[in-house]
Amino acid sequence: MTALLPNFVCGRWQSGTGAGTALLDPVLGTELVRVDATGLDLRSAFAFARRAGSAALQALTYAERAALLARVGQVLQTHRDAYDAIATANSGTVQSDSAVDIDGALFTLGQYARWGTALGSARALRDGEAVKLGKEPLFQSQHLQVPRPGLALFINAFNFPAWGLWEKAAPALLSGLAVVVKPATATAWLTQRMVQDVVDAGILPAGALSIVCGSSNGLLDALAPFDVLSFTGSADTAAVIRSHPSLARHAVRANIEADSLNSALLLPDATPGTPAFDLLVREVVREMTVKSGQKCTAIRRILVPAKVYGAAAEAIGAKLAKVSTGNPRNAGVRMGALVSRAQFEAVQQGLAQLAHATEVLHDGRTQALVDADPAVAACHQPVLLGARDADMAQAVHDVEVFGPVATLLPYRDLPHALALAQRGQGSLVASLYGDDAAALGSAALALAASHGRVHVVTPEVAQAHTGHGNVMPQSLHGGPGRAGGGAELGGLRALDFYHQRAAVQASPQVLAALGL
Ligand code: NAP
């Protein structure tokens, strides 16, 4: 039997009383560790997190909490090699893909530590200037943001076990809220190990960081009115969570990051041979293959002028043909595995759903896997699909294949292209490629209402741009509609979710005493 990873709640390590669920190596199929949450007293765990964790954090200033974040980052950095090994074994990722998750987590923590330091010795935040409530300035209204006296529960997706925890925990802890994380079962090991390292280092107050691995049963029932819930995962699970009685009854504040049919759009005048065309091709291939396409922000739909459909298919296909797929431990492998055999099946199903609406433009499945048994490994080669009638191919605008799959779509003119991008019904990100600043600016504005982020790539930013799918802590992450309607990151804007806005109506003398 493999080791059973303990949970950390009520300030102590507690193992579940069940047999546990096995976490597997998605390339070799071997069992690595087990997780289980059976028998945990979640109501007591949550009460302890609020009473001890949030209270202790909120006794500190923003700058003091920022210093804790910096120390957490240092501790995680010292164990980085161990995280890499766990990611290879449990997520099946090549080193550069593991780095997207692990280094992304460290970078985000570092940013919030810096931004938090600048907030100084306050314990609440000023929200705009005071306004007078009468003719004279004798009586005024000052809005402020105060940390919520609850906890932050994170229910996370399998694809970012490191970043998924810390991109949320950094603003939550900085805001003074205790964190309880429930990682997706398939890849819970890395999250659990990071929490263990931080707990062992004794940096955070008791109750400030808890982890529950395994089933989500009972987690939502234990939420109380001032808690916040941040969920990342599929739209189907999001729908179940939104309708949970705890959320309805207690108005628990929820942030939902769900799936998304993100697009890349080549502007009409960017013909083959132009730098913009090449930049689109490069970015599409990168987005399809980084983490085997298992990024919520990955490009799923590629919109190109109809006249360049063939040339784009050829250029993207030629680059994809060079991508070797297989065992991430083999130095010759560029793209590792999907996270599990179940995800492999889900990608197959997604491809079947798109089959009637598309043609196959590049099929990596004709290339053998490197150092991996196709009957066991969850490795899936890249597949580029195309739909010559983008309007009729409804499935392409509906079905998110969470793997190395994207669909090329021809458009007639720019309004048609923008309308197609909006057929995703709200996405996390769209990227634009071109060389005409005016046209790009107006296209970006047109897409902004239906996208959390618009990423514009022009030749002069070829080396400087941060990548279509890379989520930078400086920018908003989250999109409207189908993408879940969430809003994470975006610098200190992320703190809003963990704070309560209130207005204090008083004399200027009293307002001055608020210490803002
Ligand atoms: P998922 O199946 O929806 O699971 C997400 C999390 O919810 C897991 O921790 C899961 O636990 C938990 N869960 C499942 N059923 C639940 C329930 N009834 N109540 C409470 N929690 C429940 O999603 P996934 O397969 O892990 O992730 C892939 C999806 O996430 C993709 O569609 C992707 O687009 C999306 N995603 C979005 C973002 C974003 O930021 N927008 C980022 C990453 C991924 P178990 O693992 O134990 O089942």
Only unsatisfied item for Val199, checking (1) under 20 Å from Ser54 (Cβ atoms); (2) in contact with an Asp or Glu (Cβ under 9 Å, 6 or more places away or on another chain), is (2)
Counting only residues in the stretch 334-375 that are within 16 Å of the ligand (Cβ to nearest atom) and assigned to a loop (DSSP other than H, G, I, E, B), the one farthest from Glu287 (Cα to Cα) is identified as Ser340
So, first residue of a type in the set (Phe, Trp, Tyr) in the stretch 143-157, second residue open to solvent by 20 Å² or more (accessible area, probe 1.4 Å) and within 16 Å of the ligand (Cβ to nearest atom), Cβ within less than 9 Å, six or more apart or across chains; the pairs are Phe154/Thr232
Does Ala162 count as open to solvent by less than 10 Å² (accessible area, probe 1.4 Å), of a type in the set (Gly, Ala, Ser) and either in contact with a Gly (Cβ under 7 Å, 6 or more places away or on another chain) or within 21 Å of Trp13 (Cβ to Cβ) (or both)?
yes
Being of a type in the set (Lys, Arg) and either more than 30 Å from Thr61 (Cβ to Cβ) or surrounded by 15 or more Cβ atoms within 10 Å (Cβ to Cβ) (or both) narrows Arg123, Arg114 down to just Arg123
Within the bounds of the stretch 178-199, is there any residue that is more than 10 Å from the ligand (Cβ to nearest atom), in a loop (DSSP other than H, G, I, E, B) and at pLDDT 95 or above? no
ask   = Mind checking whether some residue in the stretch 446-465 is among the hydroxyl-bearing types (Ser, Thr, Tyr), closer than 13 Å to Asn262 by Cα and surrounded by fewer than 24 Cβ atoms within 10 Å (Cβ to Cβ)?
value = yes
A careful count of residues in the stretch 382-399 that are under 23 Å from the mean Cα position of the chain (by Cα) and open to solvent by less than 20 Å² (accessible area, probe 1.4 Å) gives 3
Within the stretch 217-229, restricting to residues that are buried (at least 17 other Cβ atoms within 10 Å of the Cβ) and near the ligand (Cβ under 10 Å from one of its atoms), the one that is nearest to Gly16 (Cα to Cα) is Leu219
Among Ala206, Ala235, Ala201, Ala258, the single one that is surrounded by fewer than 23 Cβ atoms within 10 Å (Cβ to Cβ), within 30 Å of Leu320 (Cα to Cα) and either in contact with a helix residue (DSSP H, G or I) (Cβ under 8 Å, 6 or more places away or on another chain) or of a type in the set (S, T, N, Q) (or both) is Ala235
Considering only helices (runs of 4 or more DSSP H) wholly within the stretch 8-89, the ones with at least 3 residues that are crowded, with 16+ Cβ neighbours inside 10 Å and touching a residue at least 40 places away in the same chain (Cβ under 8 Å) are 42-48, 55-58, 62-78
Within the stretch 308-325, residues open to solvent by less than 10 Å² (accessible area, probe 1.4 Å) and closer than 15 Å to Ser96 by Cβ come out as Val323, Thr325
Within the stretch 178-198, restricting to residues that are more than 13 Å from Phe8 (Cβ to Cβ) and β-branched (Val, Ile, Thr), the one that is least open to solvent (accessible area, probe 1.4 Å) is Thr187
Reported set for the stretch 82-91 where residues are closer than 22 Å to Gly202 by Cβ and more than 20 Å from the chain's Cα centre (by Cα) is Ala82
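The values are calculated or read from the model by the stated rules, or taken from the named source; none is laboratory data. Bear in mind that the values here come from a model prediction, so they are computed numbers and not experimental data. Reconstructed Cβ throughout: ideal geometry from the backbone, glycine too, with neighbour counts over all protein chains shown. Surface accessibility is based on the protein's heavy atoms, side chains included, excluding ligands, DNA and RNA. Shrake-Rupley method; radii C 1.70, N 1.55, O 1.52, S 1.80 Å.
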